[in-house]
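Quick notes on the structure that follows.
Please treat every number below as a calculation from the coordinates, not as lab data. What you see is a predicted model, and the numbers here were worked out from it, not measured in a lab. Every residue, glycine as well, gets a Cβ built from its backbone with ideal geometry; the counts of neighbours run over all protein chains shown.
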Amino acid sequence: MNKSENINYELEKNAEVINQIDDFVTETVGTTLMDPDDCWQPTDFLPDMSQPDALDQVRLLRERAAGIPDTLITSLVGNMITEEALPSYQTYFNMLAGVNDEGSLTSERGWVKWTKAWTAEENRHGDLLNKYLYLSGRADMRKVEQTIHRLIYNGFDPRSEKDPYQAIIYTSFQERATKISHVNTGKLADKAGDTVLGKICKQIAGDEARHEKAYKSFMSEIFKIDPSGAMLAFEKMMRKQIVMPAVLMGEGGKNPTIFDQFSAITQKVGIYTGWDYARIIDHLVKLWQVETATGLNDVAAKAQEYLAGLSARYSRLADRMKTPDEISLAWLK
């Protein structure tokens, strides 16, 4: 079997497992995600522009936001831009083998229901942060909007090779990383005196935590059914490293290094760091019981050995990583 045939065989096998857990995914939609009528909405946290005192509410928001450090505003913008690229994320998920082979966005299949309901919940995050930043007056919103446009224009490539296993591993990791980023942003907002922004970030982080739990549970089911395939997919994804969803936000634009600037700031102020990356690996390795998994083929056993020592390796790298001395602030007035 040549390489191309082997890849096709793996995708077909993985798609079969994805089909096997469709009922489990359907159940998860009902137990993890919320009915739109019961969800919080962005307007719950923002000035009510229909009220007579709307401009006073905006003034208070701007007064609170005035005390937020520029580094935190830049980090908040980067987080928001990442959330705003949802069209690419939903499209990507529906292209995975076994997820939506019939190509219908109104299908009753569990995976299609999941991608719609998950995207619908995530969509509120970018809406809320975007409106907050617009009202705050702290960001150059035209530059922000250009970056959002550029990111969606460029697309999204987590390098998962259409493999649903790798994609679910990626999303499990990324939902946890996003949760951490929003939690830490909220803590810094509280410290800066904007407790409303702190509440906003924590509310978004709560959604990310629910989504993270779901994706991790999908992968747990895959490990039960196909431990060798799951282990190999985990190894493949980690050897390539997890790229952030917004990595292409500057590609082809006037500031091609804008993502690097954003990443340097999150590292410097402690919103998302190399230690966080290492801790997420450690968490997933323990959750999926990688070190104690049995019934593996020879190749998967080697992958298991690699994964078992991976978090320690990244922890050592994080210890040696220098905090940037100088950072460039993007998207500010």
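Values for this structure:
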{"read-out": "Dipole-positive endmost among H211, V290, G193 within the chain (Cβ charges, Cα centre)", "value": "G193"}
{"read-out": "Cα-based shape type of the stretch 112-222, given that a ≥ b ≥ c are square roots of the gyration tensor eigenvalues and the cut on a/c is 1.5", "value": "oblate"}
{"read-out": "Estimated FRET transfer efficiency (T91, D38; beta-carbon r; R0 30 Å; 0.05)", "value": "0.65"}
{"read-out": "Gain in span if fully extended, D56 to K268, counting 0.36 nm per residue against the direct Cα distance", "value": "72.8 nm"}
{"read-out": "Estimated 222 nm signal from helices in the chain, with DSSP H stretches of n ≥ 4 weighted -39500 (n - 2.57), rounded to 500", "value": "-23000 deg cm²/dmol"}
{"read-out": "Student exercise, the chain dipole from Lys, Arg, Asp, Glu Cβ charges, in Debye to nearest 20", "value": "1240"}
{"read-out": "Packing-based exposure ordering (other Cβ within 10 Å, fewest first) of M219, M80", "value": "M219, M80"}
{"read-out": "Within a Gaussian network of the chain (alpha carbon springs, distance under 10 Å), most fluctuating of E83, E161, E121", "value": "E161"}
{"read-out": "Helix 22-32 vs. the chain, principal-axis angle (Cα, 0 to 90°, nearest 10)", "value": "30"}
{"read-out": "Rounded to 10°, Cα long-axis angle of helix 227-240 versus longest principal axis of the chain", "value": "50"}
{"read-out": "Linear extension gain, R239 paired with D260, 0.36 nm per residue minus alpha-carbon span", "value": "5.5 nm"}
{"read-out": "Rounded Å value of the spacing that divides the Cα centres of the stretch 263-291 and the stretch 156-218", "value": "12"}
{"read-out": "Contact order normalised by residue count of the stretch 193-327, Cα under 8 Å, 6+ apart, percent", "value": "29"}
{"read-out": "Subset of K191/K254; K131/K240; K143/K268; K116/K254; K116/K202; K143/K236 violating a 26 Å alpha-carbon distance limit", "value": "K191/K254; K131/K240; K116/K254; K143/K236"}
{"read-out": "At R0 = 35 Å, FRET efficiency that the Cβ-Cβ distance of T106 and E63 yields, to 0.05", "value": "0.15"}
{"read-out": "Length gained when the stretch A312-E145 is fully extended (0.36 nm per residue, less Cα-Cα span)", "value": "56.2 nm"}
{"read-out": "Simple spin-label estimate for E291 and R159 in nanometres, 7 Å along Cα-Cβ", "value": "2.7"}
{"read-out": "Highest-fluctuation residue, N123, N297, N100 considered, GNM on the chain with Cα pairs under 10 Å", "value": "N297"}
{"read-out": "Sites D48 and N123, calculated FRET efficiency, Cβ-Cβ separation with R0 25 Å, nearest 0.05", "value": "0.75"}
{"read-out": "Length-normalised contact order for the chain - Cα pairs under 8 Å, 6+ apart - percent", "value": "23"}
{"read-out": "Taking only Cα atoms of the chain, radius of gyration then Dmax in Å", "value": "20.7, 72"}
